[in-house]
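Notes to accompany the following structure.
The values are calculated or read from the model by the stated rules, or taken from the named source; none is laboratory data. Note that the coordinates shown come from a computational prediction; the quantities given were computed from them, not determined experimentally. Neighbour counts run over all protein chains shown; Cβ positions are idealised from the backbone, glycine included. Please note that ligands, DNA and RNA were not included when accessible areas were found on the heavy atoms of the full protein model with its side chains. Shrake-Rupley method; radii C 1.70, N 1.55, O 1.52, S 1.80 Å.
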Amino acid sequence: TGKSPTSSDPNAAVSAGHGVQLNADYVVPRVVARIRSRFAEEASGHDWHHIHRVWRLARKIAVAEGARLDVVELAALVHDIADWKFHGGDDAIGPREAERLLREEGAGDDLVEPVVEIVATISFKGAGVRQPMRTLEGQCVQDADRLDAIGAIGIARCFAYGGHAGRLMYDPEVPPVLHATADAYKAAKGTSVNHFYEKLFLLKDRMNTATGRLLAQERHRFMASFIKRFLEEWNVGEGSAHGPAVLVEASSDASGGNELRSSGSRS
Ligand code: ADP
Ligand code: NI
């Protein structure tokens, strides 16, 4: 086998799964079909539509940034294939499953290796955990994934996940925590509103590309005004337990694993 067939070889697609390596033009639609059916029934925030949005957004960012499109598209498609949150905290399972699916669909090492590296390093692991994304392709996919976690869609996904995981929307007695380690972040069982302070408000300053940074600004502003309003309504206009003061702190300082200071009633 050895040589990859060209995109003009119609038999190539037929023989995938038997060690034949296919051109990315064949691999991408095959991976789309697999992922689409696998995620059709998901309601945890990792549904097919999340993947579809990330795929389109990543492609758009990649074009603007001049990244390799085949790697970006495949990485976007498989990036959430097996999330540690739903596999007992095992973060080796995502890259492993991604590799298996890509090889089954005919991808060769030139695609599998960069894509698997991206899947292994894409996930947010806590406010104080900095894990640089090495390749431009990975930076584009991570930005797209993060953009889908903020803004109006991000708000909806956060509360959808919270409901799925049995979390409270909000509890004024439970302050947000900037997790210093990946293990602390994984073990956290905070409220959905706290998730904004623990992750979502931090994302705009952690975008990798200029294109991503630009797209993040408006989504961030929308999300911040939503939380401000949420807390105003919660407190019936009588002051807040943790509000805009913490919001500023959370989005500008992500260095520690300290509990955020409460700006209101808690002492
Ligand atoms: P992504 O797919 O962007 O990598 P995650 O896998 O971390 O994101 O989570 C999927 C969705 O669920 C995201 O929108 C994220 O903000 C939300 N989410 C993750 N953890 C929590 C949590 N502890 N509380 C509320 N929402 C969460
Ligand atoms: Ni995702």
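Would you please name the residue that is least open to solvent (accessible area, probe 1.4 Å), looking only at residues in the range 176-200 that are outside any helix (DSSP H, G or I) and of a type in the set (A, V, I, L, M)? Applying the filter and picking the extreme gives L178.
Matching residues to (1) more than 24 Å from A184 (Cβ to Cβ); (2) touching a strand residue (DSSP E or B) at 6+ places or on another chain (Cβ under 7 Å); (3) crowded, with 18+ Cβ neighbours inside 10 Å:
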site	(1), (2), (3)
G94	no, no, yes
A98	yes, no, yes
G106	yes, no, yes
D109	yes, no, no
P114	yes, no, yes
E117	yes, no, yes
I122	no, no, yes
P132	no, no, no
E137	yes, no, yes
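The selection criterion, being of a type in the set (A, V, I, L, M), buried (at least 18 other Cβ atoms within 10 Å of the Cβ) and under 15 Å from the mean Cα position of the chain (by Cα), does not hold for L102. Note on the range 40-88: residues that are modelled with pLDDT of 90 or more and over 28 Å from A210 (Cβ atoms) amount to 2.
Remark: pairs (first residue in the range 195-218, within 17 Å of S123 (Cα to Cα) and of a type in the set (V, I, T); second residue part of a helix (DSSP H, G or I) and open to solvent by 20 Å² or more (accessible area, probe 1.4 Å); Cβ separation under 6 Å; 6+ apart in sequence or on different chains) = T209/E65; T209/Q139.
Just to be sure I understand, how many residues within the range 155-175 are part of a helix (DSSP H, G or I), of a type outside the set (A, V, I, L, M) and out of contact with any Phe, Trp or Tyr (no Cβ under 9 Å at 6 or more places or on another chain)?
Within the range 155-175, residues that are part of a helix (DSSP H, G or I), of a type outside the set (A, V, I, L, M) and out of contact with any Phe, Trp or Tyr (no Cβ under 9 Å at 6 or more places or on another chain) number 6.
For a quick check of your reading: which helices (runs of 4 or more DSSP H) sit entirely within the range 24-138 and have at least 1 residues that are without any contact (Cβ under 8 Å) to a residue 40 or more places away in the chain and within 16 Å of ligand 2 (Cβ to nearest atom)?
On the way: elements: 24-39, 48-65, 69-78, 93-104, 109-121.
Where helices (runs of 4 or more DSSP H) fall fully within the range 24-138 and carry at least 1 residues being without any contact (Cβ under 8 Å) to a residue 40 or more places away in the chain and within 16 Å of ligand 2 (Cβ to nearest atom), they are 24-39, 48-65, 93-104, 109-121.
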